[in-house]
Structures are given as structure tokens and as C-alpha cells.
1. So A:Val241 passes all but one of these: (1) part of a helix (DSSP H, G or I); (2) at pLDDT 90 or above; (3) open to solvent by less than 10 Å² (accessible area, probe 1.4 Å); (4) within 14 Å of A:Phe34 (Cα to Cα). Which condition number does it fail?
2. So which of B:Val273, B:Val214, B:Val247 ends up being aliphatic (A, V, I, L, M), open to solvent by 20 Å² or more (accessible area, probe 1.4 Å) and more than 30 Å from B:Thr74 (Cβ to Cβ)?
3. If A:Lys319 satisfies all but one of (1) within 14 Å of chain B (Cβ to nearest Cβ); (2) touching a strand residue (DSSP E or B) at 6+ places or on another chain (Cβ under 6 Å), what's the number of the condition it fails?
4. Could you count how many residues in the range B:185-202 are more than 7 Å from chain A (Cβ to nearest Cβ), open to solvent by 10 Å² or more (accessible area, probe 1.4 Å) and within 20 Å of B:Gly263 (Cα to Cα)?
5. Out of the residues in the range A:206-219 meeting the condition of being at pLDDT below 95 and either away from ligand 1 (no atom under 16 Å from the Cβ) or at positive phi (or both), tell me which one is surrounded by the fewest Cβ atoms within 10 Å (Cβ to Cβ).
6. From the list A:Leu402, A:Leu423, A:Leu437, pick out the single residue that is aliphatic (A, V, I, L, M) and within 16 Å of ligand 2 (Cβ to nearest atom).
7. Looking at A:Ser379, A:Ser366, which is the one that is hydroxyl-bearing (Ser, Thr, Tyr) and over 29 Å from A:Gln159 (Cβ atoms)?
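The values are calculated or read from the model by the stated rules, or taken from the named source; none is laboratory data. From a predicted model like this one, the values you see are computed outputs, not experimental measurements. So basically every Cβ, Gly included, is an ideal-geometry build from the backbone, and we count neighbours across all protein chains shown. Remember, those area values only see protein heavy atoms, side chains included, never the ligands or the DNA or RNA. Shrake-Rupley method; radii C 1.70, N 1.55, O 1.52, S 1.80 Å.
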Amino acid sequence: MTEALLTVDRVEMVFGGLRAVGGVSFSVKPRSIFGLIGPNGAGKTTVFNCITGVYTPTAGEITFQGRPIAGKPAYAIADAGVARTFQNIRLFGTMSVLENVLVANHRASKASFFDALLRTRHYDADEAAMREKAMELLAIFKLDDQAEERASSLPYGDQRRLEIARALMLNPKLLLLDEPAAGMNSAEAQVLQKQIVALRDRFDLAVLLVEHNMQVVMGVCEDLHVMDRGETIAEGTPAVVQSHPKVLEAYLGSSVRSGPWVTTEPSPETPAEVVLKVDDLRVNYGGIKAVKGISLEVRRGELVALLGANGAGKTTTLKAIARLLPWASGAVQFLGEDLAKREAHTLPGLGMALSPEGRAIFPNLSVRENLEMGAFTVSDRAKVARGMARAVGLFPRLGERLSQAGGTLSGGEQQMLAIARALMSEPRLLMLDEPSLGIAPVLVDQIFEALEKIRKEGMTVLLVEQNTRRALGAAQRAYVLVTGEVVLSGEAADLRDDPRVQSAYLGETHA
Amino acid sequence: MRRALVWMGVLGLLVAFQFAAGAVLSEYVIRVVSMCALNVMLAVALNLVNGTTGQFSIGHAGFMAVGAYAGAITSHALDGRLGASLGPVTLVIACAAGALAAGVAGVLVGAPSLRLRGDYLAIVTLGFGEIIRISIESIGVLGGSQGYPMGADSIPPYAGVGWMVGGAVLVTVLLWHLTYSSYGRALSAIREDEIAAEAAGIPTTRYKVLAFTVSAMATGLAGVLFAHDATGGQHIDPAGFNLNRSVDMLVMIIFGGLGSLSGAVLGGIFVAVSLEALREFQGYRLIAYALLLVGLMLLRPQGLLGTRELSVSMLKRLVPGRREGGA
Ligand SMILES: Nc1ncnc2c1ncn2[C@@H]1O[C@H](COP(=O)(O)OP(=O)(O)OP(=O)(O)O)[C@@H](O)[C@H]1O
Ligand SMILES: [Mg+2]
């Protein structure tokens, strides 16, 4: 047996009274791809944080290349050859794409402080070499054309890719990826899957992968370690783990069976009243036309899906409807009201709620306070209590954590909170931006079941979702966007088998 | 080689300026130019900490005081021995001493407080600025609140306008190099996200202290030149380095746009010129600042230039008037 690159030995991390990680052990061999999976809040990200020095584990040993690293400062661990990406993207937002990557080469740079201060020729040569290397890495992820753009202006999927490029700039021997496929559709995830293997071969590194997309996990991982509530529940090859009863129950749910997850009936014969009507809406970012004249309609009691590849303009559309972005032109009517004259903060009062991409949790407020913020416009105490009960019923984990600060929740828990918060005001129209993002497979099932229930109770839903099959299974109707335009729309049942839906995605991906 | 030539050229120009200025410009104009140069140094230095690195210091007048006193003491000691003909040598040594002393103070203040996140630095630097001022007031050999030097003595007025402008050019060019180098990127990364910066291999605490120390040194240098300013009073007193002075510096960089070096330069010049123009209303300057900042927040909350630098394309865009609107 070859010597392990990374050994995690009975590592434990306790926050206050909560054992987030309760004695986990595993080891990663050089050049292997190792998966760490488990339900939301299992402690996966916390393990990453212990390995990379964000936290000092409360007990246990971590060894990298034979040297103990637990408790060392994060930059020293990065220097030693452990690079990572973050579940909640952490880019240097106002800096350019290229600069983001260059930062990670700073420590390897051979130019001294005085070289930089005096801008010597030595410095210039070093900088040129650095830039060349950074551009090569960006090219792997097809980001070289955007090198000079602001990192925060990239679409979500590209931001994830940029984080990987930045991590690679450290010349790591071990790459930790925390949900790299979150927010990617299946075509993009497939590309990513190939890229992970290619990176391992090209850069001669080992990959430790946390991911909820089972297609990716089962496709690339050679070994798996499954956690639940801080404990190990299974380990072994994907084949072994996949059929492990505990894993099926706690984590996978129905995802191993392959759909078709059709939960809804088609639209009724006599259409209900129009709740939301969008007419030729256009949105620009600076000179870039992000939404180029979208028209759509959502009727009472419907669940309508808005589909499309990364950067197609779905999030922009939702934000523009909620008046969070200025319109270039067009009109939106909500319950007969012209939204052009409305400001964003008045919309919840009208009955519109948005669970935004990136969640926008108030990090320093408790879970309970975050939920209460969702009912800010509701003065009826009984209604607030009902909302709270519903949130806890839908996501029992939130009920256990009502006084925890929102910012310390796991990624999936934050997603639950964002959805629950949007529901608090019992809106007439609920707009969800990728509710399944970062959510474990079992819980995705539960969320879609819950959506169906909520809809039957009379709520109207406009849904943006990368998981096309899931979304088309739950929706009555759908619109497919490509580069800011509606290219296809109709009954979800018809679109399910329409090959054009797939090609709408493929046309856009970084294949 | 080419770089060395460029520097020689700049030096030549400054020397020529130093000698020609007296003949061509009025005393008043020279005075205002010297003040502008001083402010540029102060603003550019503070911008490295508050703009680029995203920390918040509100006590930089303290470093200016340390530099000014250390420089003045040095030149006072040397001047008698070297004489006026070696004045430039005395001044250069005084500059080095002042910058060094301010740098040491920077490490002493920065190392403990930059370890902590958040607003501690603001509180510590605020305290530091006041402590320095009050300590000087109570130290007899420094002249206490009467100022330095004591009696009929005066600080030699070696820093003519060429020196002042030279100091501003030196500080601006060096810090421009630093800001737009690999080191500057590391500092900006700290401003954007400390955890991600650490994960990218940047020792964030060490680099914050580094930036803070460099900034303190540049501020100290400005202090030395201020003390020796030929158009000044050849005398320094603690009241000249009070909180007002720190607020002046903050206003300069906020006006120009936090994080923009050319913004800091413009902000420094703006504050110098407007303080001069409103000389009779000096007492109301805090009110004027408040109005200015409120106006700025309403019209251009990111400051004059935001985080961008002044560039030819930016100027071009201003010229043909407004392009079509839209967001
Ligand atoms: N700083 C903290 N303080 C208190 N609790 C925390 C803190 N960090 C994490 N937790 C809790 O520890 C548990 C493990 O969190 P972690 O982020 O590791 O989960 P995860 O496995 O990555 O989940 P997900 O798949 O949702 O990302 C969660 O229940 C979380 O709420
Ligand atoms: Mg996580």
C-alpha cells in the first residue's frame, strides 16, 4: 500500500454544545480522487475547515505528507500544498478574474518586496511568467476571455470554476473541492466531472471532493467516506457505498432510482387568473444585454419553471421582476399592479417573495430572527407563528437550531433557511432561485414534495432550477432561456421529452 | 538602465524646479504647492491602509508627529556640525530617521491590533494618535505644548518646494509600484476576503502589519518634510498633529475614492487648495467637511474615482458630454 498523502485521524470539532464532527478518520492516497459525502450539516465543510486551518480541531490529528498540520495557520497549510475552494463562493469580488488567480501565486513569486517597490526588471520578468501561468489555468476553464472582468460579475458557475483555477495556482498536491458542481446543470456537471479527472492527471494531485451531485460523485470518486451528524456511517468504493442501507436512508433517498419524478398534473382546462405578467423585459449590465426582451405569464396556482444554462439570464430575470435590478425597458404586472412604479421593498407587502441565489442570509442574526425578517411585513402574530411552525415542519433541522447564528449554518442549512424565510409571509407568488442548490439528494425530494403541497394550497410558484428533470417533473409549464431570450416554452409534460431542451443547455455549456 | 535614466531625469527636473521656483512663482503659489505636495504624501500613504488593505486607521497624525519630531531632532543635532552648505545631506538623514521612527511606531501599534478583526484598529489608532500628542505635550525636552525647538531656535528650512514635490513624487511612485504589484494584490485580497486570502497562501496578519508599517513610514517622511518646509514656520507643536489632522487625511482619501491612488492624489490637492481658499473660515472646517461628505455620499458615494485610477480613457469619456443614460 502506498503511503497516504493526507491522514485524518479521529478528528473532532465541537462548537459550543454541538459536535459538528465527532471523531472522523480517513486517508487519501496520492493521485486519488476521494469523496466525502453526507446529508446537510453532516460536518463535511467543517472537516475541510479543519484540514485547511480555518479551524483548529478540538481533538485528533491531521497529517499531510507525513507532517502534522492541525492547528497550523491557514496560509502555511496552503503553502505546504493543500488548496481548496469554498462552498459559499469566496472570490476577491472587486478584483479582476486574472488578479484572483494571481493572488494565489504570490508566495511562490521570486521577486522580493524591494523588487516590487522599485519595479525592477527582475520583478517584471517574474510578473510576466506569473501571468502566463495564470492565463493557462484560466484557459482550462475557458475563462481566459473574461480575464479582465470583475470576478463578482461572472455567472455563478463561472465563479466556481474561477475558484478552482485560483486553487490550482498554488501548485497543490491536494485539492479540496467543496461542492464544485452546485448550480451547474447536468451537461455542465458532466464537463466538470471530466475536468476533475483531467486535472488530477495533468497536475499530479489528489482530489478530496464534497459534492451532492451523485452523477459526479459516482463518476469520479475511487473511494467514498459517508458522514451523518458528524459521524462516519459508511466507507468504501462507490458501488459498496451506493447500496449501503444507512446511506440510502440518510442520504440518497430516491436519487439512485432515476426519476421521472413527475408529481404534478397538467394545467387546468380553464386557466386561472394571471398573477404575474412580464412583457418584453430587458435588462443590461453596463453595456452587456443580459435579458433581451423576455415575456412570460404565471397563473394562480401554477408552478412555472424558468430553465436555461449558466448565464442565460434566469437570475437576472427574477431579480428584475423583484425590482432589485433596473430595467432597460419592458413592463411587469403583478396582481394587476404595474411594478414599474414600485420599489423593491414594497413588493413583499404586495405578496411577492424571493428566495435569492446565494441565499442572502443575515449572518449575525439567529435562525429565528432570520425567519422573522421574512415576515417583516406581516403584522398578524398568528400568521407569523403559523409560518414558523411550517418552516420547522418542512425543515426539522432549522427547528433544532433556532438560536444558532445564520452565518454558521452549513451551506444546505442556509438554503433551507432561505426557502423557509421566503415562505414566512405566505406570499401570493413565491420565486425560488435554485432551491436545490447545495441540498442533499433526500432533501431535494422533500423540497419538491413540499413545493407541490404548497402549490396545492393555492400558492403560485416561479422556479429557477438547474435540475431540469426535477423542475419539469414538478412544473405545469416552463420557459427555456438561451442568452437572455425565451427560445422555448410550453406545457412541462411536452417539454420533458423535447430534445430541444437539452440542446438549449448544450449550446451554452463549456463543452 | 532606462529606469535609472528616468529617475535621474526626474531628479534633474526637481532640482531645476527647486531653483527656478523662487524666481518664477510668487511666494504664495509656492506655499500652496508645498501644502499640496504634503497632502499628497499623507493621502497616498493612508490610502495604502484604509483603501487598498481595507483596514481603518484614524490616527495617522500620530505617525506624522513621530516623523516630524524625530526628523527635527536629527537635523537640529546635525546642522551645527554640517552647516548650511550640507543642508540637503542633513535633510536626507533627517528624512531617513523620521521615516524609520514612524515605521517602528507602526510595527508597535499594528502588530498587536491588526491581529484582531474588525474595528479594533480604528479604536487603537485613535487612541495612539492622542497618546502621542499628549506625551509630546508633557515631555520637557521636546518643548511640551510650546513646541520644538525651544526658545529662539528654529528648524532649518531645508525643504524647499522642490523637496516637497520630490517627496510627493517618491511616495506616490513607490506606493503605486507596490499597489500594482503582487504585494498590492495580496493586500487587496485581504480587503476582499481574509479567509480566502489565507487559503491562497497569504499570511494576512503579517501583510497587514507590513502595509501599516510602510504607510506609517511614508507618513513619517511627510512629517519630516512638513517640519522642514521652507514655507512653514520652522517650528512644530503637538497641536499640529491633533485629531483634526487625521480627519483631514481621511477626508482626502474618501473624497478621492478609497482604494484609488490617483483619487488620493486628487483628494490631497483638493483639501489643500480648499483649506487655503477658505482660510478665513478655518474654524468652520469640520462643518465644511461634514457638508462636503454628505454631498459626496448623495452624489458619488464611492468618491471621485471610486476604486479606479485616473486614465486617459476616463478623461476621454468625460469630454464629449453624457452618453445615453440607463443603468
Ligand atoms: N461556527 C459554527 N458554530 C456553530 N455551529 C456550526 C458552526 N459551523 C458549523 N456548524 C454546524 O455544524 C454542522 C456541520 O456543518 P458543516 O458546514 O460542516 O456541514 P456540511 O456537511 O458541510 O453540510 P452541507 O452539505 O449542508 O454543506 C452544521 O449543523 C452546522 O450548523
Ligand atoms: Mg458544506
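1. So the condition that A:Val241 fails would be (2).
2. B:Val273
3. Answer for A:Lys319: the failing condition is (2).
4. Adding up the residues that qualify gives 1.
5. Checked the range A:206-219; the qualifying residue surrounded by the fewest Cβ atoms within 10 Å (Cβ to Cβ) is A:Gln215.
6. On the way: A:Leu402 fails: within 16 Å of ligand 2 (Cβ to nearest atom); A:Leu423 fails: within 16 Å of ligand 2 (Cβ to nearest atom).
Just a single option satisfies the conditions, and that option is A:Leu437.
7. One residue alone meets the criteria, A:Ser379.
To keep it simple, each residue is scored yes or no on (1) away from every other protein chain (no Cβ under 14 Å); (2) of a type outside the set (Gly, Ala, Ser); (3) closer than 30 Å to A:Asn49 by Cα; (4) touching a strand residue (DSSP E or B) at 6+ places or on another chain (Cβ under 7 Å).
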residue: B:Tyr183; (1), (2), (3), (4): no, yes, yes, no
residue: B:Thr204; (1), (2), (3), (4): no, yes, yes, no
residue: B:Val209; (1), (2), (3), (4): no, yes, yes, no
residue: B:Gly223; (1), (2), (3), (4): yes, no, no, no
residue: B:Gly233; (1), (2), (3), (4): yes, no, no, no
residue: B:Pro238; (1), (2), (3), (4): yes, yes, no, no
residue: B:Gly283; (1), (2), (3), (4): yes, no, no, no
